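Asker: This is the structure, below, for whatever I ask next.
Read-outs throughout are calculated quantities, based only on the coordinates presented, and are distinct from any laboratory measurement. The model shown is predicted, which means the values in this text are computed figures rather than measured ones. Neighbour counts are summed over all protein chains in view; Cβ atoms, including those assigned to glycine, are modelled from backbone coordinates with ideal geometry.
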Amino acid sequence: MNENKPKHLELDNIAFKNLYSHLALKMSTIVCKNDFFNTVEYMKEYLPEYNIDKTLEFFKSQSAFCDCEILLNLLPKKNDIEKNIEEEGIKFEILFNENRIYGDERDFELFEGCHHETEIPCVIHKKSPFQYPELAFNHDNLIVLCSGCVKNAIKKFKEIKNKKTKNE
């Protein structure tokens, strides 16, 4: 890359979505260190045409002071299809929480896990925010499952509840 080439000051929507997706995946496996390490690392590798310092200044002006706060405080602009997919994912997340048996990690032992790239991603709390409100915004309490896996879980939860009802 030519170092004299002027750098873009702000990320365009596609570049930001790619950074956001990278951070979402990366931050699901590590604890935030309250810095922009993963953002800078990604931008150096995949977005060298953008000015890192100016981008970080912009994030800070939007109340995002580290990698995880980019995920919490900044959302990529979505087109109508993406909005529909997100709404569908949220419906599955709500149904999952409404039908849980235990409300904690034991629920995940009741169904087969899977991950299909083509299905809608659903962010699920390991421990139900209804039973553990103090963990509602804790990143370590989140897991991403595909919609097919969530549908299977809901079906299994309902089967278990029906059996309990019949036995009572």
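Asker: Can you tell me the orientation of helix 147-167 relative to the chain, as the angle in degrees between its alpha-carbon axis and the longest Cα principal axis, to the nearest 10?
Answerer: 20
Asker: Which pairs in the list 44/127; 91/164; 91/127 are over 27 Å apart, alpha-carbon to alpha-carbon? Could you put the intermediate results ahead of the total?
Answerer: Values: 44/127 36 Å; 91/164 25 Å; 91/127 18 Å.
Among 44/127; 91/164; 91/127, the Cα-Cα distance tops 27 Å for 44/127.
Asker: Relative contact order for the chain: what percent, with Cα pairs under 8 Å and sequence separation of 6 or more?
Answerer: Reported relative contact order: 21 percent.
Asker: Pull out the extension gain between residue 33 and residue 90, defined as 0.36 nm times the separation in residues minus the alpha carbon to alpha carbon distance; nm, one decimal.
Answerer: On the way: separation 57, 0.36 × 57 = 20.52 nm, distance 2.79 nm.
Extra length available between residue 33 and residue 90 comes to 17.7 nm.
Asker: Let me ask something additional. Calculate the spin-label point distance for residue 14 paired with residue 139, positioning each point 7 Å from the Cα along the beta-carbon direction, and give it in nanometres.
Answerer: In this crude label model, residue 139 to residue 14 measures out at 2.8 nm.
Asker: Additional query: Please report 143, 94 as a ranked list, fewest other C-beta atoms within 10 angstrom at the top and most at the bottom. List each step's numbers first, then the result.
Answerer: Details: 143 14, 94 11.
Exposure proxy ranking, most exposed first: 94, 143.
Asker: Give me the one-decimal nm value for the distance between modelled label points at residue 123 and residue 102, 7 Å along each residue's Cα-to-Cβ direction.
Answerer: 2.5
Asker: May I pose another question? For the pair residue 109 and residue 131, what calculated FRET efficiency results from E = 1/(1 + (r/R0)^6), where r is the Cβ-Cβ distance and R0 = 22 Å, to the nearest 0.05?
Answerer: Numbers: r = 17 Å, r/R0 = 0.76.
After rounding, the FRET efficiency stands at 0.85.
Asker: Right, next: Filter 83/161; 126/166; 33/54; 126/156; 126/155; 33/151 down to the pairs with a C-alpha to C-alpha distance above 26 Å, please.
Answerer: Details: 83/161 32 Å; 126/166 28 Å; 33/54 21 Å; 126/156 17 Å; 126/155 18 Å; 33/151 34 Å.
Listed pairs above 26 Å: 83/161; 126/166; 33/151.
Asker: Please build a GNM for the chain, connecting alpha carbons under 10 Å apart, and tell me which residue among 156, 33, 127 fluctuates the most.
Answerer: So, out of 156, 33, 127, the one fluctuating most is 33.
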